[in-house]
């Protein structure tokens, strides 16, 4: 007999980058299920507005400041109790061919998309393992399984998040602490401004990713593909010889999906905000 889904009522859930997009949708879905949600975000005004509409809490967080990240988690536990779920959601996606990408953008992506996830995961393990319970959810991407022109560093960070999650999942086997790695297709948030559609792989909404995260928390599993068909597509292309696999990706339009949006006017505001998203990581600030 299958185990009943886990209840989320009263669970303390922390979501980084929870003021908008996937984070906000996930906060909404979990709040409706009775979880005690705490949002951490650099944009405190937006975070408080999001939290107020959900009956959640919001605290300021720059994930690139590791000491401040730790203090943030300490404050959550002081206010709400032991953390049951940490969702490492904060991330940015500046687009440019690698030769045109400035070093500051590279550094921001490494700090936000990777180092912050490493630090958050490590802090969660240290807090959850002694209690023998907890769940860590790391947001990767289908870009964590394949490379896409126009987003080389972004893809590198997401590949690393997948590898990190797989390793920690194995380290925690038998401890009662679970790890899930979420790998969505293009998600229609501000991060995807200016992006088109790839053939046969439809983009998804942030609410679709939120629903998949909720399902992974209620019925724990490691691989979380959104949509689920991404799993089959990825397995299929990896079985093909490289030349044919690359042809298949080109036929789907995947080789142009991110590169074609690198200088799109629709991305100007997002790129500006991404450039100001890591105060602790940017030298000279």
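Each reported figure results from applying straightforward, stated rules to the coordinates on display, with no laboratory input. Computed from a predicted model, the values in this text were never measured in an experiment. All Cβ positions, glycine included, derive from the backbone under ideal geometry; neighbour counts span all protein chains shown.
Specify the angular offset, from 0 to 90 degrees and rounded to the nearest 10, of the alpha carbon long axis of helix 116-128 from the longest principal axis of the alpha carbons in the chain. With rounding to tens, the tilt is 30 degrees. Values of log10 I(q)/I(0) for the range 79-232 across q = 0.11 Å⁻¹ run -0.43, by the Debye formula with one identical scatterer at each alpha carbon and no solvent. In terms of packing, defined here as the mean over residues of other Cβ atoms within 10 angstrom, the peptides 151-158, 19-26 line up highest first as 19-26, 151-158. Please tell me the relative contact order of the chain in percent, rounded to the nearest whole number, where contacts are Cα pairs under 8 Å and at least six residues apart. Relative contact order, the chain: 20 percent. Normalised by the residues of the range 126-285, what does the relative contact order come to in percent, with Cα pairs under 8 Å and at least six apart? In percent, rounded to a whole number, it is 26. Normalised by the number of residues in the range 27-103, the mean separation of alpha-carbon contacts (under 8 Å, six or more apart) gives a relative contact order of 21 percent. Against the longest principal axis of the chain, how steep is helix 242-252, in degrees 0 to 90 to the nearest 10, with axes from Cα atoms? Long axis of 242-252 versus the principal axis of the chain: about 80 degrees. Ordering 69-78, 95-104 by mean Cβ neighbour count within 10 Å, with the highest value first, yields 69-78, 95-104.
Its DSSP H runs of at least 4 residues, each contributing -39,500 (n - 2.57), put the calculated 222 nm mean residue ellipticity of the chain at -13000 deg cm²/dmol, to the nearest 500.
Working ranking of peptides 119-126, 175-182, 189-196 by packing, defined as the average number of other Cβ atoms within 10 Å per residue, highest first, is 175-182, 119-126, 189-196.
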